[in-house]
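Okay, structure first, notes after.
The values are calculated or read from the model by the stated rules, or taken from the named source; none is laboratory data. Keep in mind that what you see is a predicted model, and the values were worked out from it rather than measured. Accessible surface is based on the protein model in full, side chains and every heavy atom, while ligands, DNA and RNA are left aside. Shrake-Rupley method; radii C 1.70, N 1.55, O 1.52, S 1.80 Å.
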Amino acid sequence: WGLRELEDFKLSAVDSPHLEIEVGGEVLTMEKIKSVKKHANFKNPQNYIDVMLPVNELYLPPINIRVLDNRNFGYTPLIGVCSIKEYGQYRTTFQALMELAEHMES
């Protein structure tokens, strides 16, 4: 997966973005894409965050996704934000993921 069709930000093309995914105070920073025009996918698309979440879906914290661009002189402007509030049906445990991986290998 990757980032495509990003609009210009402050009159400059977004060329080297990265993502920050935050859930319950834990932040996962995806490595930057060196050039969106040449290759828009992340080199390592499989990452995870180990977060303790409440059992009751009513109290789930939102998933916040931020897109930042890596520009000259260390400037990283915030390009866009997305907040996902209802994702309880997609939750899983590490054990369930391992069982699924074993099943897919066989």
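Worth a mention:
- With every protein chain in place, the chain: carbon and sulfur % of accessible area (1.4 Å): 54 percent
- Centre separation in Å (Cα based) which lies between segment 29-99 and segment 1-27: 10 Å
- J(HN,Hα) series, segment 89-106, from Karplus relation 6.51 cos²θ - 1.76 cosθ + 1.60, nearest Hz, glycine and proline x: 5, 9, 5, 8, 9, 4, 4, 5, 5, 5, 5, 5, 4, 4, 5, 6, 6, 8
- Counting heavy atoms of the protein chains alone, HIS103 has an accessible area of about 130 Å² for a 1.4 Å probe.
- The residues of the chain expose, per residue, 78 Å² of accessible area to a 1.4 Å probe.
- Table column - 3J(HN,Hα) (Hz), segment 18-31, Karplus curve with 6.51, -1.76, 1.60, x for Gly and Pro: 9, 10, 10, 10, 10, 9, x, x, 8, 10, 10, 9, 6, 5
- When Cα Rg over 2.2 N^0.38 Å is computed from the coordinates, the matching label among (i) 1.46; (ii) 1.27; (iii) 1.12 is (ii).
- Per-residue ³J(HN,Hα) for segment 52-63, Karplus 6.51 cos²θ - 1.76 cosθ + 1.60, θ = phi - 60°, Hz, x for Gly and Pro: 7, 10, x, 5, 6, 4, 4, 9, 5, x, x, 8
- Excluding same-chain neighbours fewer than eight residues apart, the lysines reachable from LYS32 by a Cα-Cα span under 17 Å are LYS43.
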